[in-house]
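K.L.:
Dumping the structure here so I can ask a few things about it.
No lab work stands behind these numbers, since they all come straight from the coordinates. Since we're looking at a predicted model, the values are computed, not measured. In this analysis, Cβ positions are derived from the backbone assuming ideal geometry, glycine residues included, and neighbour counts consider all displayed protein chains.
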Amino acid sequence: MKKDETNVLINLLAIAKYDQAPDYPIQFMTSGTLSMKEEGGAVLEYRETDQDEETGEVSTSLIRLAMEKNQVTMTREGEYSNTMVFMPERRYEGVYQTPFGEMDMAVYSKGVSCDIGKEKGSVHLRYQLALQGAYVSTHELHLEYTANRKDRAQ
């Protein structure tokens, strides 16, 4: 851990909503690191593990959330990687990289909210996702973090 980083505990709930299928919620707790920026924002990093339902194969990604008052940039590094920028009522276009090739991707932010603090904070996102120019789903992400008690005692 770097000197300016704080270990944090993260509680995340992500919900994918599809037109013709039931909602797909994912909830987990993990640990990560928080780095405060001088200009008031912060960067939260954690690892996310996912298991393919068909093959049972497990992949791990590094997730980096760069948080500012009205903007969140999410970067995923790993076998599946992408960058998404969330700003209220704005569209962001990028590329979703998979082991099977690249896909054009776009997100349209419907809601972006950050409460950034060194001891605790939260990020709430609502957005629509399109792949290859076609609407896929609507997503919600609710993330809360709290400084690890062990670090607070130091």
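K.L.:
Using a cut-off of 15 Å between beta-carbons, work out the net charge of the residues near residue 94 (Lys and Arg +1, Asp and Glu -1, residue 94 not included). Walk me through the numbers before you get to the answer.
P.N.:
Working: positive: 64, 76, 90, 91; negative: 77, 93, 102, 104.
Around residue 94, the charge tally is 0.
K.L.:
Using the beta-carbon distance between residue 135 and residue 113 and R0 = 22 Å, what value does 1/(1 + (r/R0)^6) give for FRET efficiency, to the nearest 0.05?
P.N.:
So, using R0 = 22 Å, E works out to roughly 0.40.
K.L.:
Net charge near residue 50, counting Lys/Arg +1 and Asp/Glu -1 over other residues with Cβ under 11 Å of its Cβ?
P.N.:
-3
K.L.:
Report the antiparallel proportion of the DSSP beta bridges in the chain as a percent, rounded to a multiple of 5.
P.N.:
That works out to approximately 100 percent antiparallel.
K.L.:
Mind scanning 17/69; 17/110; 17/118 and naming the pairs with a C-alpha gap bigger than 23 Å?
P.N.:
Pairs exceeding 23 Å: 17/69; 17/118.
K.L.:
Quick check on the exposure proxy: order 31, 81 from fewest to most C-beta atoms within 10 angstrom. Mind dumping the intermediate values first?
P.N.:
Numbers: 31 12, 81 15.
If I rank by nearby Cβ atoms, fewest first, I get 31, 81.
K.L.:
Give the range of the longest stretch in the chain that excludes all chymotrypsin sites (Phe, Trp or Tyr not before Pro) found in loop regions by DSSP and having at most 13 other beta-carbon atoms within 10 Å.
P.N.:
Between exposed loop sites, the widest span is 19-99.
K.L.:
With the chain treated as a Gaussian network of Cα nodes joined by springs under 10 Å, which of 25, 99, 88 yields the largest mean-square fluctuation?
P.N.:
99
K.L.:
What per residue convex hull volume, in Å³, do the alpha-carbon atoms of region 12-56 yield?
P.N.:
For region 12-56, the hull spanned by Cα atoms encloses 115 Å³ per residue.
K.L.:
Could you tally the net charge around residue 30, taking each other residue with its Cβ under 13 Å from the Cβ of residue 30, Lys/Arg +1 and Asp/Glu -1?
P.N.:
Local charge sum for residue 30: -3.
K.L.:
Something else about it: Ratio of alpha-carbon Rg to the 2.2 N^0.38 Å globular estimate for region 3-114, to two decimals, please.
P.N.:
Relative to the 2.2 N^0.38 Å estimate, region 3-114 comes out at 1.15.
K.L.:
So if each residue of separation counts as 0.36 nm, and I subtract the Cα-Cα distance between residue 68 and residue 13, what length gain in nm does that give?
P.N.:
17.8 nm
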